[in-house]
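Enquirer: Here it is: the structure, laid out below.
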């Protein structure tokens, strides 16, 4: 007779396989699907969501979980059982009808958003979004009841297990004290620098070839993944086959290049999760904050370093031809230019957290019912003004319609970006302490020390430890936001 | 309370949605997936096959079917119930373990075939293929027991409901009488013609642009489908979102162009199936022979006609520049060149049926156990010699390894190609009788009469009637192979 634990792993392997189909269909939905496929795709994904939910809420799982708890399990199995329990608990908090409704409303709203955003059509978006918000609130209430967490915290817990809004308030509260001042200081300092702008156009096909070369430099395994285009860049697919997307503007190659570097960080995490456990929760990425710490390790810590600029410069020359802007020192100044802007995904690492704080404030109030969907634009304008000094009135397109997250019902995700930036700073502080020559090695083209450290300390650890324990094992301490502050001060004021 | 019939349609709608995900993942497997994704994809698709099989073999369906039989249903519902019963009967003939094994073995064999074929590696292919054949025979046995058909007929019935090997023997027996002689006559006649060869190379990107233009001319709806590349061209996806593939050779644009025209015929059938019934068996394409009658109506009847050549010529000039080969008369001679060759998918419409007869003979003997997998190459060589006068010894790549069908376990499909060619000739004979000016209209750029006739008589009829009845309603008679003979004689000896 198989053990209860084994029975549970069999079910979770099945879920992994169903999830594989849903993940590929979701990638396709954003990267490949023509518009008339939308309705059928939404129905198919909702049906699959319902099926997976039924599997996770099968009444016999409660018994299996109780029995497995008493079985002799090693540490790894115990960590896996914890992950299974987490999945089980959150699924049982939600009725299948709600899961399907969330999937359908999210697909529809997101699909319409793709054309509403360029059309600046906030009123049209609202029509779908009200339902997405209503369902998000219901999800938060039910998860709150099941977990004992506050409603917003219960949503955030999906992405950032163990982190509460009290933690976020503390970290973001600190940030708000010193970051706006730093932004002003950095801008003042940079106003005295000369940065030579690159001269375009930069043809799409050339940008794509450059992206592929940089992904190769960054160790992406092209036999286990792809690079495509989508309206909103993302990293999707499955660990065995990761699918990155980017988008190209012919007047600006940096946007797609840095986006690609960012997504490659996500991808290398997925590609290096422990293969022998794939399909089990213990083999999943630890949290979205840790995931973003990988993309931001690549994009910000490594990708905008002086050392990396000297590796990037010859690639730019090879693809676009030589021009003064590609001199390594000038390139580094380009990569570290800080300036308040409207778009989060285009923001530099100095102003980025302010975009996140804005979204965190709004989505928390939305979920807690203090504001309604209609109130978003006014709050957006107000926060953009106070945090970044920018006027966004009437510009929904580059304002509150710019992100895909809310359209798909992903409330509680945004804090992960800034937690990720902080973890990334902490990882690189640790690497610099352990390997004082690491910058010289990177500048000499040897990126292995970075990848080896991340592989050993983060990627292969998957969900073996909780986030605080993972951070302690990797860097000697739980999240310490001071590393992020020191990083910004060293790079931008040093 | 819902009727039993309604309960059944609910289940089949669910199957349609699961099938949607499987169809997109299968398309992706052939058109997009990197090699290391293969194993996980095969497992995910097999898992889905198992799930769909469990749904189709749910014990309560037997009762629902019995009850639905006695309910008041209109003709359309009755035809749909027949389709549901067919699905149910064939699924219940097979245990789930066999369905999953077939899916897994087929995925693995097909995946390996992609590299074994170019490597001419018959021995390597055999290692996977023996298992595929063993499972195919088991499937045939079990379907035979459930349907009362002979084992090979039971497999063919999946693609060509109501057609038996006795029917195929009669049709193919007739063909064998006159077709090899016709091939000789046509070659003799064409040896006196002068055909100016087009001068390449023809860049891939330009060929793709031409393909898209021709698809537009043929009425393909790009908001509900895509054109991509794959090793073996196919038409896949779902009716709401059809996915065609082609492959490009820079020294020969006709291969990809005619392949695209072929797949566009399949796609227009799918895109014009009755929307209000989608998801139900009655809204599916009638049979694979009827499906091929659409691709061959496009590729052979329309696509290689003198009238269409005059439409195609200016497009070729627009994309590749003017050259003597593109003069409409010369182009028509190129399009109707008949010559025995090694590759089925590149064969002209005169020699094509001989490729099918060869495969039909071999696969039938394989399934009936008269020969083993090891015997295929010798039989292949012998038949290629006797039917087409070609020596294929040692050339597995362009011999018995050339098709994808057997690697994936699709035994019993090949006859559909030639039945399709015959139905296509029958449709066009009917159109010519009803609309004597149709060639003049096509030559003048008005393709609407062809599309209107196909839409009204084939596409929107879906599976409302059995195949013989569909043919009678469309053309006044069931399949009559004489139309095909007359078509070949008129076009090639006329």
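Enquirer: Does residue A:87 meet the test of being more than 21 Å from residue B:26 (Cβ to Cβ) and within 28 Å of the chain's Cα centre (by Cα)?
Expert: Against the criterion (more than 21 Å from residue B:26 (Cβ to Cβ) and within 28 Å of the chain's Cα centre (by Cα)), residue A:87 qualifies.
Enquirer: Against the condition without any contact (Cβ under 8 Å) to a residue 12 or more places away in the chain, within 13 Å of chain A (Cβ to nearest Cβ) and outside any loop (DSSP other than H, G, I, E, B), how does residue B:228 come out, does it pass?
Expert: No.
Enquirer: For residue A:424, are the conditions met, namely being touching a helix residue (DSSP H, G or I) at 6+ places or on another chain (Cβ under 6 Å) and closer than 16 Å to residue A:352 by Cβ?
Expert: Criteria met by residue A:424.
Enquirer: Pull up the stretch B:2-13, narrow it to residues that are without any contact (Cβ under 8 Å) to a residue 24 or more places away in the chain and more than 14 Å from chain A (Cβ to nearest Cβ), then point me to the one that is surrounded by the fewest Cβ atoms within 10 Å (Cβ to Cβ).
Expert: B:2
Enquirer: Looking at the stretch A:234-245, which of its residues are more than 14 Å from chain B (Cβ to nearest Cβ) and either crowded, with 23+ Cβ neighbours inside 10 Å or in a helix (DSSP H, G or I) (or both)?
Expert: none
Enquirer: While we're here: Taking the conditions exactly as written (at pLDDT 95 or above, within 19 Å of residue A:295 (Cβ to Cβ) and within 20 Å of the chain's Cα centre (by Cα)), does residue A:475 satisfy them or not?
Expert: No; evaluated as a whole, the condition is false for this residue.
Enquirer: Right, next: When residue B:221 is evaluated against the numbered criteria (1) out of contact with any strand residue (DSSP E or B) (no Cβ under 7 Å at 6 or more places or on another chain); (2) modelled with pLDDT under 95; (3) within 14 Å of chain A (Cβ to nearest Cβ), which criterion, by number, is the only one it fails?
Expert: Here residue B:221 meets the rest and fails (2).
Enquirer: Hey, among B:22, B:68, B:44, which residue is surrounded by 15 or more Cβ atoms within 10 Å (Cβ to Cβ) and in contact (Cβ under 8 Å) with a residue 40 or more places away in the chain?
Expert: B:68
Enquirer: Looking only at the stretch A:193-215, count every residue that is away from chain B (no Cβ under 14 Å) and modelled with pLDDT of 95 or more and tell me the total.
Expert: Number of matching residues: 14.
Enquirer: Go over the candidates A:419, A:390, A:379 one by one and state the one that is in a helix (DSSP H, G or I) and either in contact (Cβ under 8 Å) with a residue 24 or more places away in the chain or touching a strand residue (DSSP E or B) at 6+ places or on another chain (Cβ under 7 Å) (or both).
Expert: None of the other options fit; the residue is A:419.
Enquirer: Quick check on residue B:129: is it at pLDDT below 95 and surrounded by 18 or more Cβ atoms within 10 Å (Cβ to Cβ)?
Expert: no
Enquirer: On to the next question. Quick check on my filter: what residues within the stretch B:345-360 are farther than 19 Å from residue B:263 by Cα and in a helix (DSSP H, G or I)?
Expert: Across the stretch B:345-360, the qualifying residues are B:354, B:355, B:357, B:358, B:359, B:360.
Enquirer: Let me ask something else. If you go through the stretch B:14-35 one residue at a time, how many are touching a strand residue (DSSP E or B) at 6+ places or on another chain (Cβ under 7 Å) and facing chain A (nearest Cβ under 7 Å)?
Expert: 5
Enquirer: Exactly one condition in (1) at pLDDT 95 or above; (2) under 24 Å from residue A:286 (Cα atoms) is false for residue A:76; which is it?
Expert: Just one mismatch for residue A:76, condition (1).
The values are calculated or read from the model by the stated rules, or taken from the named source; none is laboratory data. Worth saying up front: this structure is predicted, and the values here are computed from it rather than measured. Reconstructed Cβ throughout: ideal geometry from the backbone, glycine too, with neighbour counts over all protein chains shown.
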